[in-house]
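See structure below.
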Amino acid sequence: FRTLFDDGSVIEYNRNTSEYTLDIKGKINIVGEGEVIISSLAAVKINAVNAEITATTIAKITAPAIELNGAVAVAGGITVTGSISAPGGAPINGNIEVTGDVKAGIVFLKTHKHTSSPGGGPTTTPIP
């Protein structure tokens, strides 16, 4: 079936492909007093100029892997319970504060030692 509205909006169902098409010319509101669930056995895609999700308590994404393609800006803190990997390096603008130690290769920042040259010359490279 196909319904064409005065503003040009169309609601269409194709019985051969079991596909619904909603071509709406104005705003779409989906309101539920209970949980709203969108399920698909295939992909769910959202294409928009801007996309925004607002949650009053918490927003969660659960997946075996999550990819973010593009610059990421975080306005709050970040808590990491796993490891962090930066194969391309991690340039940081600003200070880094740690409560533990910092390790570069086999050398720890807090506990490594140097031997000094006689007469107050330069020290040796770090000794692990």
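Quick rundown of the values:
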quantity: Members of segment 50-65 that are among the small types (Gly, Ala, Ser) and either under 26 Å from residue 84 (Cα atoms) or touching a Cys at 6+ places or on another chain (Cβ under 9 Å) (or both); calculated: 59, 63, 65
quantity: Pairs where the first residue, in segment 107-128, is under 19 Å from residue 97 (Cβ atoms) and the second is open to solvent by less than 70 Å² (accessible area, probe 1.4 Å) and at pLDDT 80 or above, C-beta under 7 Å, 6+ apart; calculated: 108/101; 109/101; 109/102; 110/101; 111/101
quantity: Leading residue by the ranking (modelled with the lowest pLDDT) among those in segment 94-127 that are open to solvent by 100 Å² or more (accessible area, probe 1.4 Å) and more than 30 Å from residue 77 (Cβ to Cβ); calculated: 118
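The values are calculated or read from the model by the stated rules, or taken from the named source; none is laboratory data. What you see is a predicted model; the values in this text were computed from it and never measured. Cβ: placed from backbone, ideal geometry, glycine included. Neighbour counts: every protein chain shown. What goes into the accessible areas is simple: the full protein's heavy atoms, side chains included, and nothing from ligands, DNA or RNA. Shrake-Rupley method; radii C 1.70, N 1.55, O 1.52, S 1.80 Å.
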